[in-house]
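Computed from the coordinates by the stated procedures, all read-outs in this text should not be read as laboratory data. Please read these numbers as outputs of a predicted model, since none were measured by experiment. Because the Cβ atoms are built from the backbone with ideal geometry, glycine has one as well, and the counts that use them run over all protein chains shown.
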Amino acid sequence: METSRSHHHFSPAALHILAFILNVLPGAAAELETENLSGLSTDPYKDIFVVRENGTTCLMAEFAAKFSVAYDARASNYVDLITEQAGVSIPRGAEVMGKCGNNESELQISWLDSAYSFTLFFVKETRNMSTRQDHSWKINKLQFVYDLSDPGHFKDAASSGRHTATSRRLSLFVTPAGRSFKCEAQETISLISSDHQKVVTIILSQIHIQPFGIKRDFIFSEASKCVVDEQEQLEETLPLILGLTLGLLIVVILSVYHIHHKLTASSQVQLPRDRSEYKHM
């Protein structure tokens, strides 16, 4: 008895479509979760944000942020305009959105029904050195959206509506690949607003960020510290190092002196105290 076998032939077009579906499905199946863990911070001004993909942390950010927004306000005579400064901060209940990619990631924090939002854009970069390739990541763009219609922050504002302030040619927190960036010191960044090119100043402090290469869930990789923090640490430890070195030097000098004194004393001829003993010498 002969067994008949059926052969299925797929056209090249069908194979291309199948390959496309298989490539798209893993990306489509990726689940993104975002969490605002600022309530865990003991500092009321420090926020903690986490982005997770498929149950694994892919972006973490901790920082304290303050925004100073310049805007036109009506003077007391309701005729002239004066420039005022509005202070804005991120509230505890802010909403978080994020995106994790191989080479680009984003973190967006919004509050007051999206009247305000602060977005950080991260990118990986590779530099060709003389003997190797240097891989790192950085913040290449910051964006702050605010609404002049909010009387709670923009008192007597001459105009209303939403405006966007954006950084220009930013290269911030450049960090070796696989590491997090940490800086307790303040970092001041200026953005240019769509509101007549006015300046929005962002002050970040108590910073700890990692947008790529997190190996353990909710745990930062080894930190690369900012220059200011390293200088402050050196200033704190330098007096201790100098004190220990000076103390060790004193001990060595005293030890050498003591040894030299003993050797000198043993090499000298002991003269008898009784003069009658001189004749036997």
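Quick notes on this structure:
- Karplus (6.51, -1.76, 1.60) ³J(HN,Hα), θ = phi - 60°, over the range 159-171, in Hz, Gly and Pro reported as x: 9, 10, x, 8, 9, 10, 10, 10, 7, 10, 6, 8, 9
- Karplus (6.51, -1.76, 1.60) ³J(HN,Hα), θ = phi - 60°, over the range 136-142, in Hz, Gly and Pro reported as x: 7, 9, 7, 8, 9, 6, 10
- In sequence order, the range 66-75 has phi-based couplings of 10, 10, 10, 10, 7, 8, 7, 10, 6, 6 Hz under the Karplus curve 6.51 cos²θ - 1.76 cosθ + 1.60, θ = phi - 60°, and Gly or Pro positions carry x.
- Hydrodynamic radius of the range 29-224 by the Kirkwood approach over all distinct alpha-carbon pairs: 17.9 Å.
- Straight Cα distances below 19 angstrom link residue 198 to the aspartates and glutamates 72, 80, 84, 147, 150, 156, with same-chain residues fewer than 8 positions distant left out.
- Paramagnetic label zone (point 7 Å from Cα along Cα-to-C-beta, residue 198; backbone N under 18 Å) in the range 113-146: 115-118, 143-146
- Placing unit charges on the Cβ atoms of the charged side chains and taking the dipole of the range 29-224 about its Cα centre, the candidate lying farthest along the positive direction among 111, 56, 164 is 56.
- The protection proxy used here, the mean number of other Cβ atoms lying within 10 Å of each residue, ranks peptides 134-141, 214-221 as follows, highest first: 134-141, 214-221.
- Only Lys, Arg, Asp and Glu carry charge here, each on its Cβ (+1 for the first two, -1 for the last two); on that basis the range 29-224 has a dipole of about 680 debye about its Cα centre.
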